[in-house]
Structures are given as C-alpha cells and as structure tokens.
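These notes concern the structure reproduced below.
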Amino acid sequence: RDSFLCSTVDLGKETTDVSAGFNPARNIGAACCSGFDLIVQTLQQGDWAFIMAMGTVVTKTLQAGESMLVDGDSLLCFEGSVEIDVRSVGNCAAMCCGGDGLFHTELHGPGKIWLQSLS
C-alpha cells in the first residue's frame, strides 16, 4: 500500500529491505479485483517498521485454514504467508445499491494482518 515511512535495526544488524513484490493473490480474478496493484511493496528484516495508516489499526492473527472477509481499502498490510482472494458482495441489488462495490477481499491464513479503520 506504499505506506512505509521508516524502520529501526539494532547496531550490527542488516538494514530493513524495502523492495517490490507481486500481489500474492490466489488467482487472476483476485489479482485484478482485490484492490491491490499487481506490484506491492515488501518489507523484510528490521526490528520496527513505521507505516502510515488512517484511523485505528487492528492486528489479527489468522490460523491455518482460517479466513476473514474485509473491505480491500481497510487492509493495511499482511505477512507473506497470507493469501488473497475475492468474493462477490451479493446479488445485483446489493452490488449496485449497497455502496460496497462488486467484491470484498478474502484473506486466508496462516499469518498476521493489520487493518485500518480509515476514520
């Protein structure tokens, strides 16, 4: 989500690696409709990472086989072990009149995710 600000490392350790990776979507539909770009920002190593978010940030650890349905805009970041998929919102009336769009983002564990309230 391009929200990396800075990070800290102990003396003598390697620096935080900020690089680009591919969207970890399960299929091409999820890659196109999950709300993420094809190329995503990745962070590796370091003790602390400071990232930009809006509102309250909530951390959730998904167990193996556990999934969570979220609004794609609320997903701040996630560990590399988390897989992304999409699920349609509902029928045509819900898609057109509900204000939620066509798809929600479905996250599959194991791994940790961070959500933001955007308020």
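The values are calculated or read from the model by the stated rules, or taken from the named source; none is laboratory data. If you're wondering where the values come from, they're calculated on a predicted model, not measured in any experiment. Note that each Cβ is placed from the backbone with ideal geometry, even for glycine, and that neighbours are counted across all protein chains shown. The protein model used for the area step is the full one, side chains on, heavy atoms only, and it has no ligands, DNA or RNA in it. Shrake-Rupley method; radii C 1.70, N 1.55, O 1.52, S 1.80 Å.
At a glance:
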| item | result |
| --- | --- |
| Some residue of the range 37-52 being within 12 Å of the chain's Cα centre (by Cα) and either over 21 Å from residue 110 (Cβ atoms) or at pLDDT below 70 (or both) | yes |
| Of residues in the range 56-80 being assigned to a loop (DSSP other than H, G, I, E, B) and at pLDDT below 90, the one surrounded by the fewest Cβ atoms within 10 Å (Cβ to Cβ) | 80 |
| Pair list, Cβ < 8 Å and 6+ apart or interchain, from the range 101-118 residues that are closer than 16 Å to residue 82 by Cβ to residues that are among the basic types (Lys, Arg) and open to solvent by less than 60 Å² (accessible area, probe 1.4 Å) | none |
